[in-house]
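What follows is a set of notes on a single structure, which appears directly below.
The values are calculated or read from the model by the stated rules, or taken from the named source; none is laboratory data. Note that the structure is predicted; figures quoted are calculated from it, not measured. Positions of Cβ are generated from backbone atoms using ideal geometry, with glycine treated the same way; all protein chains shown enter the neighbour counts.
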């Protein structure tokens, strides 16, 4: 597969933030008497405000906003256990060495996303798209369309790298190529992605004479 640029999700794709996500959201669920399973089965890949509106249906926007602020503060300051996933740092450094453009496109807010990015020791992207920059979060295409635009590339020239079903749907809706990494086997439209991987280090990237990135699955 060939592309001109990469659009990476952050949580679960480049960074293992599962411990803090589950701690934060399970604590929140306990306060509201909601099942942990119900919460954890819904939130992944989506903006926090989307999840809060779902579980707090009937609450005022002021109440939801207050919960968002409280949750954001917890998630932005708790980075215990946050680390780069296997192959993430190496792949991003390799793309930099090849001068292939890449962006991080996350459903997280600025404080949360930047805290996890720093804690994992990832290289800094040219473009960092967060929840504040789009009106509609994943699975809508807005975030990945914006990421491609800010890289100066057409969506179809980009490959989205995602771990969540909502993110895969977002990438496909944007018209991008998609690489699914450790995505649940029952995720919708998984048969439409270019590669289904368990880990990022299962692929290699080289640069073609025309400047495109050529992606191979390792033997």
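Those residues that are surrounded by fewer than 18 Cβ atoms within 10 Å (Cβ to Cβ) and within 30 Å of residue 214 (Cβ to Cβ), I need them from the range 49-86; list them, please. 83, 86 - these are the residues of the range 49-86 that are surrounded by fewer than 18 Cβ atoms within 10 Å (Cβ to Cβ) and within 30 Å of residue 214 (Cβ to Cβ). So, in the range 183-217, exactly how many residues are assigned to a strand (DSSP E or B) and over 17 Å from the mean Cα position of the chain (by Cα)? Total meeting the criteria: 10.
Within the range 13-25, the set of residues being surrounded by fewer than 23 Cβ atoms within 10 Å (Cβ to Cβ) and modelled with pLDDT of 95 or more comprises 16 only. Set side by side, the residues 64, 34 differ, and just one is free of Cβ contacts under 8 Å to residues at least 60 places away in the same chain, touching a helix residue (DSSP H, G or I) at 6+ places or on another chain (Cβ under 7 Å) and not in a helix (DSSP H, G or I), which is 34.
Kindly evaluate residue 40 against the criterion of being without any contact (Cβ under 8 Å) to a residue 24 or more places away in the chain, surrounded by 15 or more Cβ atoms within 10 Å (Cβ to Cβ) and not assigned by TED's automatic domain parsing to the domain that holds residue 135. The answer is yes for residue 40. Residues being more than 26 Å from residue 135 (Cα to Cα) and modelled with pLDDT under 95 are entirely absent from the range 53-67. For residue 86, the conditions (1) assigned by TED's automatic domain parsing to the domain that holds residue 162; (2) touching a residue at least 40 places away in the same chain (Cβ under 8 Å); (3) closer than 25 Å to residue 153 by Cα all hold with the exception of (3).
Scanning the range 1-16 for residues that are in a strand (DSSP E or B) and under 19 Å from residue 110 (Cβ atoms) returns 7, 8, 11, 15.
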